[in-house]
Amino acid sequence: MGIGGIVITIINKLATQLNRRDEEPNIEVAHELVNKNDYEGIEEVIQNLFNKDKGIQQDCMKVAYEIGEMKPELISEYALIFIDLLKSRNNRLVWGAMTALCNIALVASETIMDHIELLFSTVKTGSVITVDKGVLTLGKLASVNKQNNERIFPFLLTHLATCRSKEIPQHSESTIIAVTGDNKEQFLAVLKNRETELTAPQLKRVKKVYKILEVD
């Protein structure tokens, strides 16, 4: 079977092509590609992120980031494609691309860091899911080395100081991976400063962050 046959086979298995409204078929495709280390099949999935059919685009994005969650190195070479899709007008592709970048952040950090300003601007303007995944992506990138940390952590602090109060628990949990001896006090100061805005359940989650850092 040639490449054309593979394209048809993969597309035919996608949720929209099966008239399914759930994501299970796409997850199954991702598992199949990972289990077989099917690089040719993965290449076709990536190519179809630009299919004229939005349903196929979105299905393929789901397949791609599911692959990234299971085995990030299988899609890490496509980091620039996911970065480019952060500029898409299709919000579902934007948050899907950020999810993919989040999943490959630790194995494609150098490539992603070259475009860090785009990630910053996307986090500032993105949808809820985009922002949630973006903050986690930035936390992972900042954890890779000191240079990354010095570039990213000030942005994360500003975000925690200004984001909606209901976002503070999750985003502090996403940022903790990047907390070091050098920035720990700044991180804690920002969270302590916002404690009065938090509900009891939200504060409980933040206090778990303190506990991880061994702070009362």
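A residue that is within 27 Å of T125 (Cβ to Cβ) and β-branched (V, I, T) can be found somewhere in the stretch 36-56.
Would you point out the residue of the stretch 104-136, among those that are small (G, A, S) and buried (at least 17 other Cβ atoms within 10 Å of the Cβ), that is farthest from A79 (Cα to Cα)? Steps first, answer last, please.
Just the residues of the stretch 104-136 that are small (G, A, S), to begin with: 105, 108-109, 121, 126-127, 134.
Among the residues that remain, those that are also buried (at least 17 other Cβ atoms within 10 Å of the Cβ) are: 105, 108-109, 126, 134.
Numbers: A105: 9, A108: 7, S109: 9, G126: 19, G134: 14 Å.
That would be G126.
Readers should treat all values here as calculations from the given coordinates under stated rules, not as data from a laboratory. As the structure is a prediction and not an experimental result, all values here were calculated from the model. Note: ideal-geometry Cβ built from the backbone for every residue, glycine included; neighbour counts use all protein chains shown.
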